[in-house]
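All remarks here apply to the structure that follows.
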Amino acid sequence: MNILQKKVISFDDIILVPQYSEITSRSEIDTSTKINYNKDKSFELKIPIISSPMSTVTEAHMCNAIRSLGGLGIIHRYNSIDFQTKLLSFVNNQDVKAAAVGVSGDYKERLSSLSDKGLSIVCIDVAHGDHILVRKAIEHIRSEHSDLFVIAGNVATAEGYKRLSAWGAHAVRASVGSGSICTTRLQTGHGIPTLSAVIECYKAKKDILDEGANPAYIIADGGIKNSGDIVKSIAAGADFVMLGSMLSGTKETPGKIILNNEGKKIKRYNGMASKVAQKNWKGSYSSIEGVSTYVHYKGTVSKVVNEIMSNVRSGMSYSGVTSLEELREASVAVMQTSSSNSEGNPHIFNRR
Ligand code: IMP
């Protein structure tokens, strides 16, 4: 084993340092990203939020709601081709119809069926994205469905990000084993925290830019638990964040609202490699790398996302920046101790 003498860091290991600011109103702050791809194609994300392709997070209702807020939703692939295609046909926005596919089995037929219904963004959704099957899938899509914007992943290293970029991915999901419902690190001993993965990918992105080539966008995916983590993700180099748990339990997620023993409203949130999700999808399970749970019902996704974005804008103002690009360039972070981290949480409740 080759042990690298470097440390990985997670969101709670750093804190952003407040900077001099001339921002007098949050309306000066722009959180949008204009995405140009395949020479003449483009779309815009007004907020840097993508809802995760998970069966208890994103189907058509979530896609429509998150798009109306300026973000992007990706319909999950844990269903039949017919059902996924039907879901896609309920997505209102012609410019950003996104679905996820895998890299084996029926994925080529799935792609063709979705393309016929106006698919514009495809997410190659596998846990270990730095893989020859992902290369083959990207190459297939770029040659047979050349209009599509291709998201691929997940990767944990600069080299992985560079490979996916070179294979033709337009955006890459960064991090392995960080999700709130994930047991990959426990089960396999592998993974890299989201913040470290994003930092690595961002260094690689700058190298690619220096070489005059087109780097992929970076999506911080997994383990993002509050709006502070979103600000830290972007400051570290991410273009967008992908959210599972933060959007789970909202009205627009698939699944019923149920009442728990205390009469509180709850909804399911399932890891896609959990026993429950696998059984729901294919009737059996193998290689479990996730858990499933219930989360409190949170109300509409617009309420949740508006609150998140208000905090993100506030975070940008603390860094004295008016755009996401400035946040990536100008923000400063320091390492923090565990006592500094606990001081950053409300601590009145711990006193007696
Ligand atoms: P969260 O936002 O921390 O809840 O993480 C969501 C992310 O976890 C997703 O976007 C996937 O990348 C990842 N994920 C989803 N299901 C599983 C699973 O069952 N095991 C491991 N990772 C998962």
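Odds and ends about this structure:
- Selection within region 53-93 - of a type in the set (D, E, K, R) and away from the ligand (no atom under 16 Å from the Cβ): 67, 82, 86
- Counting the residues of region 25-37 that are touching a Lys or Arg at 6+ places or on another chain (Cβ under 9 Å) and either crowded, with 19+ Cβ neighbours inside 10 Å or farther than 20 Å from residue 318 by Cα (or both) gives 4.
- Filtering region 287-297 to residues that are away from the ligand (no atom under 13 Å from the Cβ) and either buried (at least 18 other Cβ atoms within 10 Å of the Cβ) or hydroxyl-bearing (Ser, Thr, Tyr) (or both) leaves 294, 297.
- Output for region 247-266, where each listed residue is over 20 Å from residue 64 (Cα atoms) and not aliphatic (A, V, I, L, M): 260, 261, 262, 263, 264, 265
- Which listed residue, of 230, 234, 218, 224, is crowded, with 24+ Cβ neighbours inside 10 Å, within 17 Å of the chain's Cα centre (by Cα), without any contact (Cβ under 8 Å) to a residue 60 or more places away in the chain and more than 22 Å from residue 281 (Cβ to Cβ): 218
- The residue pairs whose first member lies in region 323-345 and is more than 10 Å from residue 13 (Cβ to Cβ), whose second member is in a helix (DSSP H, G or I) and of a type in the set (Val, Ile, Thr), and whose beta carbons are closer than 8 Å, counting only pairs six or more residues apart or on different chains, are 324/234; 327/231; 327/234; 328/234.
Matching residues to (1) surrounded by 12 or more Cβ atoms within 10 Å (Cβ to Cβ); (2) part of a loop (DSSP other than H, G, I, E, B); (3) of a type in the set (D, E, K, R):
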position: 304; (1), (2), (3): yes, no, no
position: 309; (1), (2), (3): yes, no, no
position: 313; (1), (2), (3): yes, no, yes
position: 317; (1), (2), (3): yes, no, no
position: 321; (1), (2), (3): yes, yes, no
position: 326; (1), (2), (3): yes, no, yes
position: 334; (1), (2), (3): no, no, no
position: 339; (1), (2), (3): no, no, no
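- Any hit, region 273-282, residues being of a type in the set (Gly, Ala, Ser), in a loop (DSSP other than H, G, I, E, B) and within 10 Å of the ligand (Cβ to nearest atom): yes
- Residue match in region 127-138 (condition: among the charged types (D, E, K, R), under 19 Å from the mean Cα position of the chain (by Cα), within 16 Å of the ligand (Cβ to nearest atom) and assigned to a strand (DSSP E or B)): no
- Spans of strands (runs of 3 or more DSSP E) in region 13-84 with at least 3 residues over 19 Å from residue 98 (Cβ atoms): 14-16
- From 153, 189, 179, residue being out of contact with any helix residue (DSSP H, G or I) (no Cβ under 8 Å at 6 or more places or on another chain) and crowded, with 20+ Cβ neighbours inside 10 Å: 179
- Residue 348 hydrophobic (A, V, I, L, M, F, W, C) and either surrounded by 12 or more Cβ atoms within 10 Å (Cβ to Cβ) or in contact with a strand residue (DSSP E or B) (Cβ under 8 Å, 6 or more places away or on another chain) (or both): no
- Comparison of 196, 113, 120 shows that the only residue that is over 22 Å from residue 50 (Cα atoms), crowded, with 16+ Cβ neighbours inside 10 Å and either small (Gly, Ala, Ser) or within 14 Å of the ligand (Cβ to nearest atom) (or both) is 113.
Here, each number is a calculation from the coordinates, and none is a lab measurement. Worth saying up front: this structure is predicted, and the values here are computed from it rather than measured. Glycine gets a Cβ as well: all are built from the backbone with ideal geometry, and neighbour counts include every protein chain shown.
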